[in-house]
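Structure first, commentary second.
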Amino acid sequence: MARERLKLCLLNMPSLRGILARMRTLLTTLHSKYIHASLALPCLAAFCGDDCGELLIREYTVHEPKESLLAKIIACNADVVAFSVYLWNRQLTLELVNCLKLIDPQLKIVLGGSEISFEPDYFFQQHPVDALICGEGELPLRQLLSAWQRGEDPQLIPGLRLPSAPQENGRSELERLAELPSPFAAGLVNLQRGLVYYESSRGCPYSCSFCMSALDDRVRSFPMPRIFSDLQFLIDAGVKQIKFVDRTFNYSNERSREIFEFILQKNRSSHFHFEIGAHLLDGKTLQLLERVPDDMFQFEIGVQSTLPETLAQIGRTASLEKLEENVRRLRQKENIHLHLDLIAGLPGEGYQHFMASLDRVAALQPHHLQVEPVKLLPGAPLRSQAAELGLKFDPLPPYSILRSPDIDYCQLEKLRGISRLLDLLVNSERFKHLLPLLIESFGGLSACLENLDSFWRSENLYDSPQALRQLAFSLDRYLQKSFSGDVLQRYREALARDYAHQERVVSGSEPSFFDCRINDLEKELVRQRVKQEVELLERSGKVQYFAGRFNSLPEAPDGCLLIFIYQTKSRKGQKVKEVMLCN
């Protein structure tokens with residue numbers, strides 16, 4: 001109360017109002033990982049400017065104890081705390097809001113973000129919040145904070161909801177993105193976390209019903225000089241990874257080529273991530289992309305489903321055939337990392353149809369294949385259609401599908417396991433010799449993963465994370481349970497070969513799937529060959545080796561010794577060279 005009386009006193013003293021009564025607003029959010037850095041908060045701060053008082057940006061994570069977060073927020077001594085809310089931080093954010101109001105009833109609380117833009121009128125009765133920002137936050141937040149800074153009641157504009165006017169009030173949209181000052185040039189973005197998000201456009205030309213972008217099918221681009229200036233700033237700053245958050249970066253081939261060309265000319269060591277529509281790539285763009293150096297670009301491509309009826313039902317009009325044709329061409333060059341997405345539980349697609357989609361997309365040989373259950377996000381068209389379509393979903397974040405007329409819970413749970421196995425065994429690229437054998441044995445990736453999932457569940461292997469050694473032991477038990485004879489020997493040797501390329505094998509403590517029966521003459525031949533190889537290596541770091549017998553390799557059907565030479569350098573990790581000694 002004393003702080004509030006002081007504010008009222010200062011507001012009545014015009015000569016001091018601009019100096020002592022400057023309102024302090026904390027812009028904050030809770031990330032899912034420390035490496036993430038907010039783009040929304042710096043954009044809001046850049047747009048609000050001096051008329052809104054003093055603005056602080058503080059970023060935390062959902063993994064910090066609630067008590068620690070409360071203490072840090074209170075220590076900022078803010079008059080207003082504005083949270084950016086997402087599905088991964090909603091619950092903890094609301095818990096913090098309730099506690100903050102109990103600690104300081106005079107503190108004003110503002111919530112914004114996609115997760116909070118579609119709340120019912122009674123939201124204000126359930127949570128002690130002073131304002132909701134719906135849609136793009138720049139205009140309504142500036143309207144709100146500037147009014148409070150002047151000691152006035154804010155006037156309602158689209159995207160601003162108050163306890164006194166709780167009704168839905170539309171979503172805000174910044175018509176001219178050129179009006180938003182660069183948060184990078186203003187020094188508002190944390191560049192030290194290794195990953196920086198960047199937007200060159202807002203909106204999406206498509207209306208997929210599961211996506212929030214379906215609400216904004218009009219694409220707005222920042223001016224090209226602004227984009228080039230920002231990218232040059234980030235490149236000069238040596239940012240390791242720059243992730244474009246544009247929903248469909250290449251909605252215009254001409255525009256995307258300009259940006260690609262700029263990056264190719266100016267980039268030094270940064271890595272760039274884009275979400276693209278592969279079906280949109282034209283000949284000129286594909287030709288330009290052939291010039292991209294290895295490991296500079298990553299493309300995330302949403303396939304979602306290969307079932308025509310499902311694609312039609314969710315309003316996805318992309319040509320699947322063109323998408324596949326362009327992905328194959330990108331894959332041939334091997335210079336761009338390709339990440340393809342599938343969504344399980346979409347209307348009209350049952351379990352077997354989804355497994356067929358998995359095999360069809362896997363045939364494109366992406367570097368990373370992601371499977372996720374559909375999430376019925378607040379405000380997305382699919383959520384409003386859920387009752388009509390018979391979709392049952394978790395009412396709490398992340399709003400994952402639980403069952404539908406086409407797929408039941410147990411099948412979705414099986415796909416969740418298959419998704420985890422994809423990451424562990426396929427996307428990790430740690431089992432390049434074993435996996436092709438298993439896939440061939442089962443006639444396809446989906447059948448292979450389905451069989452592995454049954455074993456994983458029988459041994460409760462999903463219950464805890466597994467390091468590489470434990471994972472290899474689990475695979476070895478699976479192989480011994482599922483195969484026998486020469487097939488088992490061939491598969492165990494493939495597992496051994498994969499393991500030796502990932503982790504240094506120490507003689508005497510090697511896993512049982514290695515055959516270390518080597519006679520004295522062979523040991524001497526190994527030592528001589530290692531000596532020759534070491535002389536060819538750069539004279540730095542530590543060199544160690546391990547040798548094992550392999551009798552079923554395709555390239556050495558009569559048997560051979562494989563020598564794995566490990567060179568370890570400080571700060572550069574471990575390099576592995578495989579050398580084959582045949583009779």
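Below is a table of values for the structure above.
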| item | result |
| --- | --- |
| Residue in segment 203-226 that is at pLDDT 95 or above, surrounded by 17 or more Cβ atoms within 10 Å (Cβ to Cβ), touching a strand residue (DSSP E or B) at 6+ places or on another chain (Cβ under 9 Å) and small (G, A, S) present | yes |
| Among (1) surrounded by 12 or more Cβ atoms within 10 Å (Cβ to Cβ); (2) closer than 30 Å to Q365 by Cα, the one test that S484 misses | (1) |
| Tally of residues being open to solvent by 10 Å² or more (accessible area, probe 1.4 Å) and either in a helix (DSSP H, G or I) or farther than 30 Å from E173 by Cα (or both) across segment 107-119 | 1 |
| Within segment 292-309, tally of residues that are outside any strand (DSSP E or B) and either surrounded by fewer than 16 Cβ atoms within 10 Å (Cβ to Cβ) or not hydroxyl-bearing (S, T, Y) (or both) | 8 |
| Failed criterion for V426 (all others in (1) surrounded by 15 or more Cβ atoms within 10 Å (Cβ to Cβ); (2) over 20 Å from Y462 (Cα atoms); (3) touching a residue at least 12 places away in the same chain (Cβ under 8 Å) hold) | (2) |
| Which numbered condition Q466 fails, given (1) on the phi > 0 side of the Ramachandran plot; (2) modelled with pLDDT under 95 | (1) |
| Complete set of residues in segment 310-336 that are touching a residue at least 40 places away in the same chain (Cβ under 8 Å), open to solvent by 40 Å² or more (accessible area, probe 1.4 Å) and of a type outside the set (S, T, N, Q) | R316, K322, R329, K333, E334 |
| Test for R247: is it free of Cβ contacts under 8 Å to residues at least 60 places away in the same chain and within 19 Å of A278 (Cβ to Cβ) | yes |
| Selection count, segment 228-266, where residues are touching a His at 6+ places or on another chain (Cβ under 8 Å) and assigned to a loop (DSSP other than H, G, I, E, B) | 1 |
| Which numbered condition R469 misses (of (1) of a type outside the set (A, V, I, L, M); (2) open to solvent by 60 Å² or more (accessible area, probe 1.4 Å); (3) in contact (Cβ under 8 Å) with a residue 40 or more places away in the chain; (4) within 27 Å of R360 (Cβ to Cβ)) | (4) |
| Where P154 falls short, out of the listed (1) under 28 Å from T248 (Cα atoms); (2) open to solvent by 10 Å² or more (accessible area, probe 1.4 Å) | (1) |
| Any hit, segment 233-251, residues being under 27 Å from D50 (Cβ atoms) and open to solvent by 20 Å² or more (accessible area, probe 1.4 Å) | yes |
| Filtered residues of segment 263-285 (kept if farther than 18 Å from R247 by Cβ and either open to solvent by 10 Å² or more (accessible area, probe 1.4 Å) or at pLDDT below 95 (or both)) | L264, Q265, K266, N267, R268, S269, H271, D282, G283, K284 |
| Test result for S507, assigned by the TED database to the domain that holds A447, closer than 16 Å to C448 by Cβ and surrounded by 13 or more Cβ atoms within 10 Å (Cβ to Cβ) | no |
| Matching entry among L415, L396 (being of a type outside the set (D, E, K, R), touching a Pro at 6+ places or on another chain (Cβ under 8 Å) and in contact (Cβ under 8 Å) with a residue 60 or more places away in the chain) | L415 |
| Pick from segment 511-568, criterion of a type in the set (A, V, I, L, M) and surrounded by fewer than 12 Cβ atoms within 10 Å (Cβ to Cβ), ranking: modelled with the lowest pLDDT | L536 |
| Segment 163-183: number of residues that are within 15 Å of L139 (Cβ to Cβ) and in a strand (DSSP E or B) | 1 |
| Criterion: in a helix (DSSP H, G or I), closer than 17 Å to S507 by Cα and of a type in the set (V, I, T) - qualifying residue of V530, V543, V534, V576 | V530 |
| Hey, L323 among the aliphatic types (A, V, I, L, M), outside any loop (DSSP other than H, G, I, E, B), closer than 28 Å to F210 by Cα and out of contact with any Phe, Trp or Tyr (no Cβ under 8 Å at 6 or more places or on another chain) or not | yes |
| Restricting segment 396-413 to residues that are touching a helix residue (DSSP H, G or I) at 6+ places or on another chain (Cβ under 6 Å) and part of a loop (DSSP other than H, G, I, E, B), the residue that is nearest to A380 (Cα to Cα) | P397 |
| Residue in segment 30-48 that is least open to solvent (accessible area, probe 1.4 Å), counting only those that are part of a loop (DSSP other than H, G, I, E, B) and over 22 Å from V97 (Cβ atoms) | A37 |
| Near pairs, Cβ below 8 angstrom, 6+ apart or cross-chain, from segment 498-510 (within 15 Å of V543 (Cα to Cα)) to any residue that is among the polar types (S, T, N, Q) and open to solvent by 60 Å² or more (accessible area, probe 1.4 Å) | R504/Q574 |
| Selected residue [out of contact with any His (no Cβ under 7 Å at 6 or more places or on another chain), of a type outside the set (A, V, I, L, M) and outside any loop (DSSP other than H, G, I, E, B)] from E450, E429 | E450 |
| Enumerated helices (runs of 4 or more DSSP H) restricted to segment 330-392, each holding at least 2 residues that are closer than 25 Å to L286 by Cβ and in contact with a strand residue (DSSP E or B) (Cβ under 9 Å, 6 or more places away or on another chain) | 351-362 |
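The rows are residues; the columns are (1) in contact (Cβ under 8 Å) with a residue 12 or more places away in the chain; (2) within 27 Å of the chain's Cα centre (by Cα).
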residue: D50; (1), (2): no, no
residue: G53; (1), (2): yes, no
residue: L56; (1), (2): yes, yes
residue: Y60; (1), (2): yes, yes
residue: C76; (1), (2): yes, no
residue: I103; (1), (2): yes, no
residue: Q106; (1), (2): yes, no
residue: L111; (1), (2): yes, yes
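The values are calculated or read from the model by the stated rules, or taken from the named source; none is laboratory data. Owing to the predicted nature of the structure, the values given are computational and were not obtained by experimental measurement. Reconstructed Cβ throughout: ideal geometry from the backbone, glycine too, with neighbour counts over all protein chains shown. Calculation scope for accessible area: heavy atoms of the full protein, side chains included, ligands and nucleic acids excluded. Shrake-Rupley method; radii C 1.70, N 1.55, O 1.52, S 1.80 Å.
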